[in-house]
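A short worksheet on the structure shown next.
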Amino acid sequence: MPQARKVALVSGGSRGLGAELVSGFLNRHYGVATLSRTKTTFITNMLRARKGRHFHWSQVDGRDHEALRAFVKEVGERMGRIDVLVNNAGIAMEGVLPTMRMRDIVEAVEVNLTAALVLAQACSRLMLRQGSGCIVNVSSVHAIRGHAGVAVYSATKAALDGLTRSLARELGPRQIRVNSIAPGYFDSDMVSDMAEEQKRRIARRTPLGRLARIDEVANAIHFLTSDQASFITGQTLVVDGGITC
Amino acid sequence: MLTAPTLAQIEAIVHGRIRAVLAERVGEVGRLSGTERLSATLGLSSLDLAFVVAELEAELGVDPFAKLVSITSVRSVGDLVRAYQQAFFPELERSGEDRALAAAAKRAQIRRARRKRR
């Protein structure tokens with residue numbers, strides 16, 4: 001049965017920033033659909049607590065294009081609409097390019113970029129019919145500044161920023177906004193393997209003197225998806241405590 | 001749509017969706033013949049066409065541009081109608097191939113006849 005409340009689709013909502021976004025959208029009275037490769041404790045708890053009310057999760061591998069498209073179709077049918085897409089799912093891929101395995105390069109492009117393209121294509125069709133919508137791609141400061149050891153990751157994230165600008169021009173006439181967010185380092189699973197000294201070094205180089213909290217990154221995304229950002233499209237919002245300034 | 005539509009129904013549905021977009025733009029429009037160029041004659045943009053395709057996918061349950069046909073090959077209203085007709089009736093595509101093969105065979109026959117005359 002179609003619902004009146006707005007619906008947000010968040011890819012990779014089982015942990016980290018994705019889980020924060022899922023909770024944030026639910027607190028803002030959105031219906032939320034999310035997909036992930038694994039069913040984490042967070043997802044299990046959400047399914048138990050929500051009992052299907054305004055929350056939908058499916059196990060989907062971001063490399064499976066047909067499954068991604070089917071998920072969007074299912075969400076459209078179950079929840080009636082899709083107002084927000086956050087392309088959050090991503091994998092960190094570290095290592096210098098000359099010695100990186102080809103299958104790792106392909107996987108990073110598939111998960112970080114191709115999956116975002118497939119979801120944006122499928123969701124934008126619904127948004128075209130609705131005459132409104134909002135897409136946020138989660139990029140990275142690595143798309144803006146070069147860093148050794150993250151060439152492939154940087155390439156996929158810079159591609160998302162390019163996608164953001166062109167898609168904003170394509171879809172703007174139908175009142176669909178497209179933006180990206182470029183977080184710096186923030187407390188998440190993706191930096192959990194980082195040595196403490198490395199984290200301290202990043203903090204020293206950051207004008208605000210610390211890594212971001214995960215809610216600070218999520219809040220920037222909630223701003224971009226809100227009516228307060230109603231005239232913002234085609235932009236990349238950098239949330240990095242000033243490390244790239 | 002539970003049962004497959006007829007060729008005429010597909011044409012009527014596609015024409016209806018195009019006319020609805022044009023109605024938003026310029027008011028009510030008359031009957032479409034099929035020969036109208038989507039961009040040059042009717043003034044539809046790529047985004048208008050994407051909107052029409054999204055609407056048709058919702059109504060007909062198929063998207064011929066996902067795999068079967070390239071959207072860039074669609075120039076006229078008739079091209080768009082044929083893309084959806086082929087999605088429901090793949091044999092139409094085969095008959096198109098047959099026509100192409102027949103035309104190629106005829107051209108080869110003419111070339112052979114010319115060579116014999118020399």
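The values are calculated or read from the model by the stated rules, or taken from the named source; none is laboratory data. Please read all numbers here as calculations on a predicted model, not as lab measurements. Note: ideal-geometry Cβ built from the backbone for every residue, glycine included; neighbour counts use all protein chains shown.
Just name the residue that is surrounded by the most Cβ atoms within 10 Å (Cβ to Cβ) out of those in segment B:15-25 that are farther than 24 Å from B:PHE88 by Cα and without any contact (Cβ under 8 Å) to a residue 12 or more places away in the chain. Ranking the qualifying residues of segment B:15-25, first place goes to B:ALA23.
Would you mind stating whether A:ILE243 is outside any helix (DSSP H, G or I), under 23 Å from A:ALA159 (Cβ atoms) and touching a residue at least 40 places away in the same chain (Cβ under 8 Å)? Yes; evaluated as a whole, the condition is true for this residue.
Every residue, every condition in (1) surrounded by 18 or more Cβ atoms within 10 Å (Cβ to Cβ); (2) within 15 Å of the chain's Cα centre (by Cα); (3) in a loop (DSSP other than H, G, I, E, B), yes or no:
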| site | (1), (2), (3) |
| --- | --- |
| A:ILE181 | yes, yes, no |
| A:GLN198 | no, no, no |
| A:ALA203 | no, no, no |
| A:LEU208 | no, no, yes |
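Whether a residue is buried (at least 23 other Cβ atoms within 10 Å of the Cβ) and assigned to a strand (DSSP E or B) was assessed, and A:ALA33 passes this test.
I'd like to know if segment B:37-53 contains one or more residues that are more than 26 Å from A:ALA122 (Cβ to Cβ), at pLDDT below 95, within 14 Å of chain A (Cβ to nearest Cβ) and not in a helix (DSSP H, G or I). Looking through segment B:37-53, at least one residue is more than 26 Å from A:ALA122 (Cβ to Cβ), at pLDDT below 95, within 14 Å of chain A (Cβ to nearest Cβ) and not in a helix (DSSP H, G or I).
When segment A:111-127 is examined, which residues are found to be more than 14 Å from every other protein chain (Cβ to nearest Cβ) and among the aliphatic types (A, V, I, L, M)? Don't jump to the end; show me each part of the working.
The initial filter retains those residues of segment A:111-127 that are more than 14 Å from every other protein chain (Cβ to nearest Cβ), namely A:111-116, A:119.
Hits for segment A:111-127 are A:VAL111, A:LEU113, A:ALA115, A:ALA116, A:LEU119.
Scanning segment B:26-85 for residues that are touching a residue at least 60 places away in the same chain (Cβ under 8 Å) and over 20 Å from A:ARG129 (Cβ atoms) yields B:VAL77, B:VAL81, B:GLN85. Look through segment A:128-179, keep the residues that are within 14 Å of chain B (Cβ to nearest Cβ) and without any contact (Cβ under 8 Å) to a residue 12 or more places away in the chain, and return whichever of them is nearest to A:THR244 (Cα to Cα). Among those residues, the one meeting the criterion is A:SER166. Cβ separations smaller than 9 Å between residues 6+ apart or across chains give the following pairs from segment A:191-213 residues that are at pLDDT below 90 to residues that are of a type in the set (S, T, N, Q): A:VAL191/A:GLN198. If the condition is being in contact with a helix residue (DSSP H, G or I) (Cβ under 7 Å, 6 or more places away or on another chain) and among the acidic types (Asp, Glu), then segment B:17-56 contributes B:GLU36, B:ASP48, B:GLU55.
Residue-level analysis places A:VAL238 outside the set of residues that are within 28 Å of A:ILE105 (Cα to Cα), within 14 Å of chain B (Cβ to nearest Cβ), not hydroxyl-bearing (Ser, Thr, Tyr) and not in a helix (DSSP H, G or I).
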